[in-house]
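The structure appears right after this line, and notes come after that.
The values are calculated or read from the model by the stated rules, or taken from the named source; none is laboratory data. Here the structure is a predicted model, which is why all the values come from computation and not from measurement. Please note: Cβ atoms are built from the backbone with ideal geometry, for glycine as well, and neighbour counts cover all protein chains shown. Each accessible area value is taken on the protein alone, full model and side chains, heavy atoms only, with ligands, DNA and RNA left out. Shrake-Rupley method; radii C 1.70, N 1.55, O 1.52, S 1.80 Å.
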Amino acid sequence: MTKAGASEQLAFDELGTPLRATTFVVFDLETTGVSDEDTITEFGAVKVRGGEVLGEFATLVDPGRGIPPEVVALTGITDAMVYAAPRLDTVLPAFLEFISGAVLVAHNAGFDTNFVRKACERMGYRWPKPAVVCTVQLARRVLTREEAPSCRLSALAELLHASTTPNHRALQDARATVDVFHSLLERVGSIGVQTLEELHDYIPDVTPEQRRKRSMAAHLPSTPGVYLFRGPGEEVLYVGTASDLRRRVRQYFTASETRRRLREMVALAVRVDHVECAHSLEAQVRELRLLSAHKPAYNRRSKNPKQAWWLTLTDEPFPRLSLVRTPRDGALGPFRSRGLAEDAMVALQDATGIRPCTVRIPAQRAGGTPCALAELHRCAAPCAGRQTIEQYTPSVSSFVSLVAGRLLDPLHRLERRLMAHSAAQRFEQAGVDRDRLAVLVRALDRGQRLAALAAVPELIAARPDGNNGWEFAVVRHGRLASAGVARRGVPPMPVVDALAASAETVLPGEGPLRGAPAEEVALVLRWLDRPGTRMVRCSQPWTEPARAAASWRGWLTRADAARSVEVANG
C-alpha cells in the first residue's frame, strides 16, 4: 500500500472509496463475560490508513463489578488491575471520538460492536453506525478450509505470519488483527477488490456465476440513469433506475441480492445496456416508458401503465356510469383496481341519482318494469317512464360538475347520509359508506390534480441539485418532454432555452390527461411538488378547480384514522 497523503490518479475501476485511502480502526475488547449483563474491562484499538499506523487507543476500564475467575484466567486482567482504571462513562466518549469517520474492523466484529453499541444505548450516546468489516468473515471468503481449518485469531496470525502474537489482551489482539487484515487485503486486491464498496460486496458468499458476471457492470458510468438486463435473444429481462448506474448494477452480482426471481434473471442475462439521464425524474420516466415498451418478464410493476380503470358516462339518452380502460373527456380516474372503481361508482350513484341499472332506455315511451332498485329508492325508474330526460339531466350534470371541480354538493350529500347511519347506530353501514366516500374523494383529488397539470401546454421547472447547480424539467401536457442540468457556475437560462428548443413535441390527445399515461403525470407531479422546486416558465397558468376535492383532505385524514382504530380493535 502507498503512504497516506501520496497524490495519485484513481484508476477507472477504483471509483468509490479506495481501500488505500480509507481510515480503518482495528479494535478489540475484553469483557467480564459474553451476556448482555456483562461489561467492558479493556479497550484496544489501532488506527491505520494506507498500511501505516496513525494512532493507538488503549485503556483498562473499571467494570464496577468483580471479574469472574475464568475470565481472569483467560485474559490475565484482575480486579486489582482495574481498581484505579477510569469508568466506562469516561472511556466511551474518548473511544467514540477516536473511531469518528473511520471504518471499524474487528475479529468476530459482531461481538465487539454489539458491546460498544449497547454501552452507547445505556449511557445516552449516539451510536454512529460506522461501516464494519469482520476479519472472520473475510478470512472465510479468502482462505479455503484446507488452508485455514480454524479462523481463530491465533490460528490466522500464525498462518499469515503476523508480527504480533495475540494473547487475549485488547491492544495486543488489535495489533495482531491489523496484520491479519492487511494480509487478507493483499489477497483480495489481487482479484480486483480495490475499494471499500467492492470489499463489502465481496465478503458475503455469492455463486461463482454471479461473481463471474460482475464484469457486465464494468462499462457503466457512475451517473443517474436506466439500466436494462438483456437475455441471450436480446430480449429485455429487467429494467431499473439508479442514481449511480455502476454501483447499483454491481449489487446484482453480490450476496446482497437475495431475491430468487432476480438471481434467476442474472443467471440468464448476457449484457447490461444503459441510458444516462440528467437526473432522477428523467430516469424514472424513461423506466416507465421502457417497461411499457418491452414488458420485461422479471419486472413486476408497471408492465402495462395503461391498465388503469376510469369511470365515464355512456352515450345514450339516460347515461349511466361505465368502467372503461380508455378514458374520454370528463372521465373520473385513474383507479388502480376495478374494485376501487366500483366502490366509487356506487358512491356516485347514491350521491347524484345516476341510475345503477345497465339496460338501454329509449328517449321516449319507455315501458319497462321497475326493478328492485326502484323499490329501494336507489333509482327513479326512467326505464318505466317515471322520469323524463329533463328530469334526469341534473343527475348527469351533478357528476360532470363534481369531476370538473365546479361542485361539491354530492360529497356533502354522502357525508350527511353517513352521519345519519351513524346516528341511527347503523355502524356497519356507516363504515361501508365512509370507505366508499374515501375512495371517491381520493380519486377526485388525484384526478383533478393530474388533469390540471396535463392541461398546461408547457411548463418548465427547476430544482436545486444539492451542489449549487440546477436540475430542469420541460413538461408538456403532463409528459416529460426534456430534462437537463446546469452545474455550479453554468448560467442556467441558456440551458433552459436549449432544453425548450430541443424538447419533444407533445400533441394533446383525448381524455382528462390529454393522452398522457397516468403514472408518468403522477411522477412529474410528485417531482414538482417537492420542496424547493421553482417555476421557471409556464405557457398558461397552472391552476386547480376552485371546488376541487382537495378541500376534503382533512376529512380523509379523519376517516383514515377512524378506519385504523376499527382495524386495530378487530
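Odds and ends about this structure:
- Pair list, Cβ under 7 Å, 6 or more apart: the stretch 212-230 residue in a helix (DSSP H, G or I), other residue open to solvent by 40 Å² or more (accessible area, probe 1.4 Å): Met216/Arg271
- Qualifying residue in the stretch 373-388 (condition: without any contact (Cβ under 8 Å) to a residue 40 or more places away in the chain, polar (S, T, N, Q) and assigned to a helix (DSSP H, G or I)): no
- Flag: Gly66 does not match the condition of being exposed (fewer than 15 other Cβ atoms within 10 Å of the Cβ) and in contact with a strand residue (DSSP E or B) (Cβ under 9 Å, 6 or more places away or on another chain).
- Scope the stretch 40-53; condition in contact with a Phe, Trp or Tyr (Cβ under 8 Å, 6 or more places away or on another chain) and not aliphatic (A, V, I, L, M); matching residues: Phe43, Gly44, Lys47, Arg49
- Criterion applied to Gly339, Gly385, Gly353 was being modelled with pLDDT of 80 or more, more than 30 Å from Ala522 (Cα to Cα) and among the small types (Gly, Ala, Ser), and the one residue passing it is Gly353.
- Condition met for Leu291 (modelled with pLDDT of 90 or more, in contact with a His (Cβ under 7 Å, 6 or more places away or on another chain) and open to solvent by less than 10 Å² (accessible area, probe 1.4 Å)): no
Here is a yes/no grid of residues against (1) in a loop (DSSP other than H, G, I, E, B); (2) in contact with a Leu (Cβ under 8 Å, 6 or more places away or on another chain); (3) of a type outside the set (Lys, Arg):
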position	(1), (2), (3)
Asn299	yes, yes, yes
Leu311	no, yes, yes
Thr326	yes, no, yes
Glu342	no, yes, yes
Ala347	no, yes, yes
Ala366	yes, no, yes
Thr369	yes, no, yes
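- Hits in the stretch 117-170 (condition: closer than 18 Å to Phe24 by Cβ, in contact with a helix residue (DSSP H, G or I) (Cβ under 7 Å, 6 or more places away or on another chain) and exposed (fewer than 13 other Cβ atoms within 10 Å of the Cβ)): Ser163
- Of all residues in the stretch 234-246 being under 16 Å from the mean Cα position of the chain (by Cα) and not hydrophobic (A, V, I, L, M, F, W, C), the one that is most open to solvent (accessible area, probe 1.4 Å): Ser243
- Neighbours by Cβ (under 6 Å, 6+ apart or cross-chain): first from the stretch 528-539, on the phi < 0 side of the Ramachandran plot; second surrounded by 10 or more Cβ atoms within 10 Å (Cβ to Cβ) and assigned to a loop (DSSP other than H, G, I, E, B): Ser539/Pro457; Ser539/Glu458
- From Ala174, Ala148, Ala157, Ala139, residue being touching a strand residue (DSSP E or B) at 6+ places or on another chain (Cβ under 9 Å) and of a type in the set (Gly, Ala, Ser): Ala174
- Ser395 being open to solvent by less than 40 Å² (accessible area, probe 1.4 Å) and polar (S, T, N, Q): yes
- Of the helices (runs of 4 or more DSSP H) lying entirely inside the stretch 126-202, those containing at least 1 residues that are of a type in the set (Asp, Glu) and either on the phi < 0 side of the Ramachandran plot or touching a residue at least 12 places away in the same chain (Cβ under 8 Å) (or both) are 153-159, 170-189, 196-202.
- Each residue in the stretch 252-283 was checked for being closer than 30 Å to Leu138 by Cβ, at pLDDT 85 or above and open to solvent by 80 Å² or more (accessible area, probe 1.4 Å), and 1 pass.
- Scanning the stretch 73-84 for residues that are without any contact (Cβ under 8 Å) to a residue 60 or more places away in the chain and either surrounded by 16 or more Cβ atoms within 10 Å (Cβ to Cβ) or not hydrophobic (A, V, I, L, M, F, W, C) (or both) returns Thr78, Asp79, Met81, Val82, Tyr83.
- Scanning the stretch 448-461 for residues that are under 19 Å from Ala404 (Cβ atoms) and either touching a strand residue (DSSP E or B) at 6+ places or on another chain (Cβ under 6 Å) or open to solvent by less than 10 Å² (accessible area, probe 1.4 Å) (or both) yields a count of 4.
This table checks each residue for (1) open to solvent by less than 50 Å² (accessible area, probe 1.4 Å); (2) out of contact with any Gly (no Cβ under 8 Å at 6 or more places or on another chain); (3) under 24 Å from Arg434 (Cα atoms).
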| position | (1), (2), (3) |
| --- | --- |
| Leu373 | yes, yes, yes |
| Cys379 | yes, yes, yes |
| Cys383 | yes, no, no |
| Ile389 | no, yes, no |
| Ser401 | yes, yes, yes |
| Ala404 | yes, no, yes |
| Arg413 | no, yes, yes |
| Arg416 | no, yes, yes |
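- Just one of (1) assigned to a helix (DSSP H, G or I); (2) open to solvent by 80 Å² or more (accessible area, probe 1.4 Å); (3) without any contact (Cβ under 8 Å) to a residue 40 or more places away in the chain fails for Gly110. It is (2).
- Boolean, Arg286 is at pLDDT 95 or above and of a type in the set (D, E, K, R): yes
- Subset of the stretch 85-105 [in a strand (DSSP E or B) and open to solvent by less than 20 Å² (accessible area, probe 1.4 Å)]: Val103, Leu104, Val105
- Only a single criterion out of (1) modelled with pLDDT of 80 or more; (2) under 40 Å from the mean Cα position of the chain (by Cα); (3) open to solvent by 40 Å² or more (accessible area, probe 1.4 Å) is not satisfied by Val193, namely (3).
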